[in-house]
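Student: Below is one structure. I have some questions about it.
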Amino acid sequence: MNIQRLVHSILVVFCVLSCVSSKPYDGYKLYEVPISTGHEVQLLLYLQHHRPSIDIWALNKLGPKRMLVPANLQKTVEHFFKDQHINYTVKVEDFGKKYSVRQAPLMQLEDPTFLNSYPTYDEINDYLVQLATENFEWIRFRIIGWSVEGRPIRAITINPDKQRTIIVDAGIHAREWITVSTALYLIKKLIEDSDQYRILHEYKWVIVPLVNPDGYIYSMETDRYWRKNRRRLSDKCVGVDLNRNFGFRWDVGASLFSGECHPGFRGYAPFSEPESRALRTVFDNNPEAELYINLHSFGGYLIYPWSYESTPVANVGDFKQVGVAAARAMWHYSHQEYKVGSSAEILRYQASGTSIDYAYSVGIDYPFAMEIAEFGYSDFQPPTNAIADIVKESFVGIKELVYAVRKLKTQQKG
């Protein structure tokens, strides 16, 4: 590591320790609600719609939900729970104190594999440039678009001359850092262990390891739990949920995601955001893609279309076959359980304007949202000593999705 890079890393660590304090979460409480029915999920959606400063974690996760609530809304929320006969517990009385303690150094000064640290935006780009330079014969590295704040959004293509295609993206939601680590580990395995995984190299891989660079940086430097991009909407409201901004059935259930300050705000129009438009170019340039994997955290789900309605897709049996194969592989690897189904089927709510719905609508065969399992941490920031286990398990699931799709395609041809 040269002096300039060393100084930069030190400054980044300093910023993580100091800049984050601008959103200290003083007085916030973390509630846990034992959700068991779709009606209760809808009640939480209603509450969040009318009180958008409430942050509901992993609403797409079955079982207990966690809610981060500012001091001025805690009585309102507790009265709401009482009126609706919803039981709750307070998991953390003063989230600000816990939050401050957790801001230990998130990055080491040198971790070229990112298995023990969460990489910065600059480190991600440096790593990708290095890989593309060292493997220029069979890797392409290009800018597919620019973020709201003018940062390049980059894609890396492995085996660009292959016809059969797989698309993977990560970091569409800013706080889901482990998805970025998973995408980088996938790239590493494809490049370094190409002889071991020959079947994977029958495909062209188009991987976008960080769709939302502005939000990612903001979550590292200012607000750890930031979700959206950094579009300035008004004096009070910032950000569009990029995974509600895609142009297929964007306006279904519009009232749920129409408030500017809502954590799931869908934007003023489909593809209003440069980040979602950048990802659209990948889909539009690869309409023959057989598999699309949209990485998220946390939960332990493999979700297929449709997200916007409960009606199953025509080939739902094929999706189940592929998803179950990947879920079984991950269970055998680490005993982490993954559930397989559509959003309405296993999560009990619909979401419009998602990337997997758009991908399926333009002809991509098998789009999946992979909600990476929480490994017992129930947070968007698994400790750094868990990164390696999580990304390795996720790679097993990705690999099995490929194998299962390949097998299914072969059966269909036969």
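Student: So which residues in the stretch 165-209 are part of a helix (DSSP H, G or I), open to solvent by less than 10 Å² (accessible area, probe 1.4 Å) and β-branched (V, I, T)? Step through it out loud before you land on a result.
Tutor: First, the residues of the stretch 165-209 that are part of a helix (DSSP H, G or I): 177-192, 199-202.
Next, only the ones that are open to solvent by less than 10 Å² (accessible area, probe 1.4 Å) stay: 177-184, 186-187, 190, 200.
Correct list: I178, T179, V180, T182, I187.
Student: Would you confirm whether any residue within the stretch 398-405 is modelled with pLDDT under 95 and either over 28 Å from D284 (Cβ atoms) or under 16 Å from the mean Cα position of the chain (by Cα) (or both)? Walk me through how you get there before you give the answer.
Tutor: In the first step, residues of the stretch 398-405 are kept if they are modelled with pLDDT under 95; the result is none.
No, the stretch 398-405 contains no residue that is modelled with pLDDT under 95 and either over 28 Å from D284 (Cβ atoms) or under 16 Å from the mean Cα position of the chain (by Cα) (or both).
Student: So, one more: Given the conditions (1) more than 21 Å from A289 (Cα to Cα); (2) open to solvent by 10 Å² or more (accessible area, probe 1.4 Å), and given that N243 satisfies all but one, which numbered condition is not satisfied?
Tutor: So N243 meets the others, but not (1).
Student: Further, regarding this structure: Hey, among the residues in the stretch 130-151 that are in a loop (DSSP other than H, G, I, E, B) and not small (G, A, S), which one's least open to solvent (accessible area, probe 1.4 Å)? Talk me through it step by step, then tell me what you get.
Tutor: If we filter the stretch 130-151 for residues that are in a loop (DSSP other than H, G, I, E, B), which is where we start, we get 135-138, 147-151.
Of the ones still in play, those that are also not small (G, A, S) are 135-138, 148-149, 151.
Details: N135: 26, F136: 130, E137: 115, W138: 63, V148: 49, E149: 99, R151: 64 Å².
So, considering only residues that are in a loop (DSSP other than H, G, I, E, B) and not small (G, A, S), the one least open to solvent (accessible area, probe 1.4 Å) is N135.
A quick yes/no check of all residues on (1) outside any helix (DSSP H, G or I); (2) closer than 30 Å to Q42 by Cα:
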{"residue": "Q350", "(1), (2)": "yes, yes"}
{"residue": "A359", "(1), (2)": "no, yes"}
{"residue": "I364", "(1), (2)": "yes, no"}
{"residue": "F368", "(1), (2)": "yes, yes"}
{"residue": "Q381", "(1), (2)": "yes, yes"}
{"residue": "V396", "(1), (2)": "no, no"}
{"residue": "R406", "(1), (2)": "no, no"}
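Student: Is it the case that some residue within the stretch 261-283 is within 24 Å of V391 (Cα to Cα), open to solvent by 10 Å² or more (accessible area, probe 1.4 Å), part of a loop (DSSP other than H, G, I, E, B) and touching a residue at least 24 places away in the same chain (Cβ under 8 Å)?
Tutor: no
Student: Within the set of pairs 6+ apart or on separate chains, which have a first residue in the stretch 26-41 that is of a type in the set (K, R), a second that is at pLDDT below 80 and not in a loop (DSSP other than H, G, I, E, B), and C-beta atoms under 7 Å apart?
Tutor: Pairs found: K29/F95.
Student: For the stretch 215-234, enumerate the residues that are in contact with an Asp or Glu (Cβ under 8 Å, 6 or more places away or on another chain), within 19 Å of L68 (Cα to Cα) and open to solvent by less than 30 Å² (accessible area, probe 1.4 Å). Quick ask: steps written out before the conclusion?
Tutor: Residues of the stretch 215-234 that are in contact with an Asp or Glu (Cβ under 8 Å, 6 or more places away or on another chain), as a first pass: 225, 227-231, 233-234.
Now narrow it down to the ones that are within 19 Å of L68 (Cα to Cα): 225, 227-228.
Within the stretch 215-234, Y225, K228 qualify.
Student: Output yes when any residue across the stretch 210-218 is within 14 Å of W138 (Cα to Cα) and touching a Leu at 6+ places or on another chain (Cβ under 8 Å), and no when none is.
Tutor: Initially, the stretch 210-218 is screened for residues within 14 Å of W138 (Cα to Cα), giving none.
Among the residues of the stretch 210-218, not one is within 14 Å of W138 (Cα to Cα) and touching a Leu at 6+ places or on another chain (Cβ under 8 Å), which makes the answer no.
The values are calculated or read from the model by the stated rules, or taken from the named source; none is laboratory data. From a predicted model like this one, the values you see are computed outputs, not experimental measurements. Please note: Cβ atoms are built from the backbone with ideal geometry, for glycine as well, and neighbour counts cover all protein chains shown. Accessible surface areas use protein heavy atoms only, side chains included; no ligands, DNA or RNA. Shrake-Rupley method; radii C 1.70, N 1.55, O 1.52, S 1.80 Å.
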